[in-house]
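Scroll down for the structure; my scribbles are underneath it.
Please treat every number below as a calculation from the coordinates, not as lab data. A quick note: this is a predicted structure, and the numbers were derived from the prediction, not measured. Neighbour counts run over all protein chains shown; Cβ positions are idealised from the backbone, glycine included.
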Amino acid sequence: MQPVRKAVLPAAGLGTRFLPVTKSIPKEMLPLVDKPAIQYVVEEAVQAGISDVLVITGRGKGAIEDHFDRNVELEQVLERSGKTAILEEVQATDRLAHVHFIRQHEALGLGHAVAVAEPHVGGEPFVVMLGDDIMVDDATLLTRMLDVHAETGGSVLALMEVTPEEISAYGALTGEPVREGVMRARGVVEKPKPEEAPSNLAVIGRYVFTPGIFDALRETEPGVGGEIQLTDAIGILLEREPVFGVVFSEGRYDAGKKVDFLRANIELGLARDDLRDEIEQMLRTLVRARGLT
Ligand code: UTP
């Protein structure tokens with residue numbers, strides 16, 4: 001069995017749900033405390049043992065490339081002023097992983113963005129990670145998914161139980177349990193109406209794919225919203241190869257939703273020794289001032 005060595009991070013979307021900030025700043029570069037969202041995703045890949053990362057970018061996404069590149073001028077200034085700790089943090093960013101970039105020339109959909117990765121990942125299994133899903137779980141979910149792939153050789157989707165109202169924002173999966181927390185996938189429907197959803201299991205933004213996904217993507221016609229949907233390609237793939245699902249338990253923020261994005265900022269700040277006390281104080285003041293107790 002070939003080990004999984006590469007991760008693909010699609011980041012070429014237009015980020016319309018976060019306008020106006022995303023007019024000029026890539027959604028993936030919005031900060032969670034003091035790191036851009038995409039850095040958490042790269043760190044998660046590295047934690048799961050993957051250090052070759054391909055970011056799919058597009059027009060206006062140059063800041064992502066700059067972030068994972070060296071900034072020699074900045075390093076010199078920090079060095080001269082003796083700011084060693086922050087210098088180390090800045091240098092750690094570009095040393096984190098081997099980060100590569102390919103452009104998706106037109107935002108034709110997530111499936112299309114993944115197809116753009118084919119020359120880079122070649123005939124190997126690979127991981128797809130979406131920056132909207134920020135996992136704060138020490139890469140537990142991704143590691144479980146890689147374990148299921150190693151055991152079965154099949155593609156593996158990350159799943160989450162949601163309410164009927166929420167399912168229409170996701171792809172919904174049908175299948176049967178293989179064991180606790182692991183499903184064999186039989187079908188998937190993109191953004192179903194609540195009354196038509198085949199299950200309450202939503203596909204979230206972590207995937208392990210065999211190269212078979214590229215053939216499936218080639219055969220995928222534009223779907224919901226006129227976009228080439230990854231979900232539709234998965235539907236084709238699971239007719240041909242075994243596809244599994246791993247049900248996720250905890251540690252996810254939906255950074256594509258404004259309120260969850262703010263929650264992530266607060267909770268990630270609370271997890272930091274240098275910020276916890278001040279944030280707790282701020283929250284107490286806020287709760288009192290708004291009469292929320
Ligand atoms: P989303 O639909 O959540 O992201 O796509 P978006 O299009 O940027 O955001 P909204 O809906 O307009 O607010 C899921 C992921 O797929 C990438 C996005 O960057 C995001 O990481 N994507 C989407 C692409 O890379 N290319 C596309 O053509 C579409």
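For Lys257, the lysines whose Cα comes closer than 19 Å to its Cα, not counting residues fewer than 8 places off in the same chain, are Lys23, Lys27, Lys35, Lys191.
Divided by 2.2 N^0.38 Å, where N counts the residues, the Cα radius of gyration of segment 136-206 comes to 1.12.
Dipole check for segment 108-212: with +1 at the C-beta of Lys and Arg, -1 at the C-beta of Asp and Glu, and the Cα centre as origin, the magnitude is about 260 Debye. Loop sites here are GluC sites (Glu not before Pro) outside DSSP states H, G, I, E and B with no more than 16 other Cβ atoms within 10 Å. The longest part of the chain free of them is 1-105. For segment 234-293, the equivalent ellipsoid built from the Cα gyration tensor has semi-axes of 40, 14, 9 Å, listed from largest to smallest. Scalar couplings 3J(HN,Hα) for segment 204-210, obtained by applying the Karplus form with A = 6.51, B = -1.76, C = 1.60 to θ = phi - 60°, are 10, x, 9, 9, 10, 10, 7 Hz; x denotes Gly and Pro.
The local environment of Val99, defined by Cβ-Cβ distances under 15 Å, has a net charge of -1 under the rule Lys, Arg +1 and Asp, Glu -1.
The overall shape of segment 83-149, judged from the alpha-carbon gyration tensor, is oblate: a/c is not under 1.5, and a/b is no greater than b/c. Look at Ile86, Ile56, Ile213 and count the other Cβ atoms within 10 Å of each Cβ; fewest to most, that gives Ile86, Ile56, Ile213.
The overall shape of segment 84-203 is prolate: from the C-alpha gyration tensor, with semi-axes ordered a ≥ b ≥ c, the ratio a/c is 1.5 or greater and a/b exceeds b/c.
Arranged from fewest to most other beta-carbon atoms within 10 Å of their beta carbon, Ser81, Ser199 become Ser81, Ser199.
Placing unit charges on the Cβ atoms only, positive for Lys and Arg and negative for Asp and Glu, gives the chain a dipole magnitude near 540 debye about its Cα centre. In terms of other Cβ atoms within 10 Å, Arg179, Arg144 run from fewest to most in the order Arg179, Arg144. The loop-placed trypsin sites (Lys or Arg not before Pro) in segment 16-64, going by DSSP, that have at most 13 neighbouring Cβ atoms within 10 Å of their Cβ come out as Arg59.
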